[in-house]
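Reading through the structure tokens given below for one structure.
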Amino acid sequence: MLSTESPVLSSTPSVLDVGVTGGVVRGIREGAILAWRGIPYAAPPVGDRRFRAPQPIAPWPGVRDASHYGDVAPQPYRGQFKGASPRVRASEDCLTVNVLSPAVPHRRRLAMPVMVFIHGGGYSTGSAQDFPGQGEGFVNSGRVVYVSFNYRLGALGYLDFSRYSTPVRPIENNLGLRDQVAALEWVRANIRSFGGNPNNVTVFGESAGGNAIITLMATPAARGLFARAIAQSPPSNAAYTSELTDEWAEHFVSVLRAQTAFSPSSINELLATAELGALTRAALALQVRTPDAHPGTFCLAPVIDGTFLPEHPLEAFRSGRAHRVPLIIGTNDREGAIFRGRANVLPRSPWRIQALFDHAPGDTHTAMRAVYPGLPIRRAAADFGGDYAFWYPSIIVAGLHSRYAPVHFYRFDIAPRLMHLLGLDATHGIEMYALFDQVDSPFARTMTALGGREPFTRAGERMRRHWLHFACTGVVESNWPRYTESDRLTLIIDVIDRVEADPRGDRRRVWQQFLPGL
């Protein structure tokens, strides 16, 4: 665990000793990369700081060891992706940032562009170290500084308990989102010390991290903290009113009470004193219940509180109040295919699909079943649920934002042969193995065992080149046209990349009628 009491090293000067908010940190050299890890960007949110907005860092004496990752946020399952180590320590003291910088920058005398990655995992799992060597493919170009960080997850970060706040023990909401803003503020204040340019920051993230990107673009406190954004497979519509989040908080508390041996005097005290394991189990119980109680929702998500997040992000995009920065946004070919068993949070069961139909205009039902033939059989249901959660809301964001700023849309279609045989195809999260050059990881080796390794690797290289070009220049390469509501030009990343106008436009037009309020 890294905290203000962590051991410090000797004060002997080193080229890897860097002054940051709180003191001096010492990194390590790993080949052509300089690495600093586990640097606190806010005070540990423990004790009286549980369920509080991130607080300033207390200074530490001497030189702090920054050679290892900090603890990950408490979570029910360790790591979003196959290959993430289950042995990584978890604790509430998890607000740390990691920086990778090229040992020999491409242009020595200029501050480098900065790429800040926000991990996914449904706001309940995952960390900045889900992939070994994450970010090294970007830094090895010599062109950018790469930053990743942990933020609070689950009940500690994404349930709204502010209704139980008291003057003695205040409780704030949107804590994971506030952590993300605090991490970006740390980048702005400190990244020059690592060779980065605080005025040239690109934020990018996948899945819940993609939702974080969309939400940050609608968060007033994040204004000016980044110059451009990339949202990969974001559930862009996942932000909810306090009426709904209050219901989730109430159910969570009832589950937590049942797991607690003693009887605290108030709910506030119960939340403040509950053991981490009890908080995690209660959150998991709520997650299991929510998709059937409220089909199409994710209980661990930002809350529209009227202040920190004053309006639904889609409304901010519609009105032009979202930060008008260039945006890359996109999804994978078949997002919903992977959501099976305990991971099935999407509306892809017959009951959940019918619940959505019950709330849609009756004259749209036939058309919706026509574009998803066989609904609710397995493949059609997976595509319906994935499009509902990821693709269609992303189309909405892209169209709205294109009225005010440059937007480029992509779809990741390539998948190794085994993924097709399993019926998963290019499903949710698969592009991460290509983008982060993880084709040698155990899971990726299995995934490519029956063929398709080289085309998949090359697609990742092209994708990484696009991301780097965008981060370094502020624009995409000339062969990727802008997305507008009139033509909806989309880059299809496949064995051979291509550009299509309004791909799956028949589905899009039906969704417009099926969800007229989106």
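The values are calculated or read from the model by the stated rules, or taken from the named source; none is laboratory data. If you're wondering where the values come from, they're calculated on a predicted model, not measured in any experiment. Every residue, glycine among them, receives a Cβ derived from its backbone with ideal geometry; neighbour counts consider all protein chains shown.
Just to be sure I understand the filter: pairs with C-beta atoms under 6 Å, separated by 6 or more residues or on different chains, first member in region 306-324 and at pLDDT 95 or above and crowded, with 23+ Cβ neighbours inside 10 Å, second member part of a helix (DSSP H, G or I) and not basic (Lys, Arg). Which pairs pass?
Partner pairs satisfying both residue conditions: Pro313/Ile214; Pro313/Thr215; Phe317/Val397; Phe317/Leu400; Phe317/His401; Ala322/Ala316.
Cβ-Cβ distance below 7 Å, separation of 6 or more or different chains: which pairs start in region 341-361 with a residue that is touching a residue at least 24 places away in the same chain (Cβ under 8 Å) and end on one that is outside any helix (DSSP H, G or I) and aromatic (Phe, Trp, Tyr)?
Here the result reads Val345/Phe298; Val345/Phe339; Leu346/Phe339; Arg348/Phe339, each pair linking region 341-361 to a residue that is outside any helix (DSSP H, G or I) and aromatic (Phe, Trp, Tyr).
Only one of (1) at pLDDT 95 or above; (2) farther than 24 Å from Gly517 by Cβ; (3) assigned to a helix (DSSP H, G or I) is not met by Arg342, so which one is it?
The failed condition is (1).
Condition test on Arg508, is it buried (at least 17 other Cβ atoms within 10 Å of the Cβ), in contact (Cβ under 8 Å) with a residue 12 or more places away in the chain and closer than 13 Å to Tyr410 by Cα?
Answer is no for this residue.
How many residues, within region 162-193, are closer than 15 Å to Asp305 by Cα and of a type in the set (Asp, Glu)?
Matching residues across region 162-193 total 1.
Just the residues that are buried (at least 22 other Cβ atoms within 10 Å of the Cβ) and out of contact with any strand residue (DSSP E or B) (no Cβ under 8 Å at 6 or more places or on another chain), please, taken from region 445-474.
Met447, Thr448, Phe456, Gly460 - these are the residues of region 445-474 that are buried (at least 22 other Cβ atoms within 10 Å of the Cβ) and out of contact with any strand residue (DSSP E or B) (no Cβ under 8 Å at 6 or more places or on another chain).
Out of curiosity, is Val407 within 25 Å of Arg348 (Cα to Cα) and at pLDDT 95 or above?
Criteria not met by Val407.
What are the residues in region 1-29 that are part of a strand (DSSP E or B) and modelled with pLDDT of 95 or more, if any?
Of everything in region 1-29, those that are part of a strand (DSSP E or B) and modelled with pLDDT of 95 or more turn out to be Asp17, Val18, Gly19, Val20, Gly23, Val24, Val25, Arg26, Ile28, Arg29.
Count, please, the residues in region 412-434 that happen to be in contact (Cβ under 8 Å) with a residue 40 or more places away in the chain and not hydroxyl-bearing (Ser, Thr, Tyr).
14
Scanning region 194-241 for residues that are in a loop (DSSP other than H, G, I, E, B) and aliphatic (A, V, I, L, M), which turns out nearest to Phe308 (Cα to Cα)?
Selected residue: Ala218.
If you check every pair at least six apart or on different chains, which have Cβ atoms under 8 Å apart with a residue in region 254-269 that is within 14 Å of Phe51 (Cβ to Cβ) first and a residue that is of a type in the set (Gly, Ala, Ser) second?
From residues that are within 14 Å of Phe51 (Cβ to Cβ), the pairs are Leu256/Ala274; Leu256/Ala278; Leu256/Ala282; Asn268/Ser165.
I'd like the residue in region 270-280 that is without any contact (Cβ under 8 Å) to a residue 60 or more places away in the chain and part of a helix (DSSP H, G or I) and, out of all such residues, is farthest from Asp160 (Cα to Cα).
Only one residue tops the list, namely Gly277.
What's the number of the only condition in (1) among the hydroxyl-bearing types (Ser, Thr, Tyr); (2) assigned to a loop (DSSP other than H, G, I, E, B); (3) surrounded by fewer than 20 Cβ atoms within 10 Å (Cβ to Cβ) that Ser254 fails to meet?
(2)
Looking only at region 281-308, count every residue that is on the phi < 0 side of the Ramachandran plot and assigned to a loop (DSSP other than H, G, I, E, B) and tell me the total.
Number of matching residues: 11.
Does Trp467 satisfy the condition of being part of a loop (DSSP other than H, G, I, E, B), modelled with pLDDT of 95 or more and within 25 Å of the chain's Cα centre (by Cα)?
No; evaluated as a whole, the condition is false for this residue.
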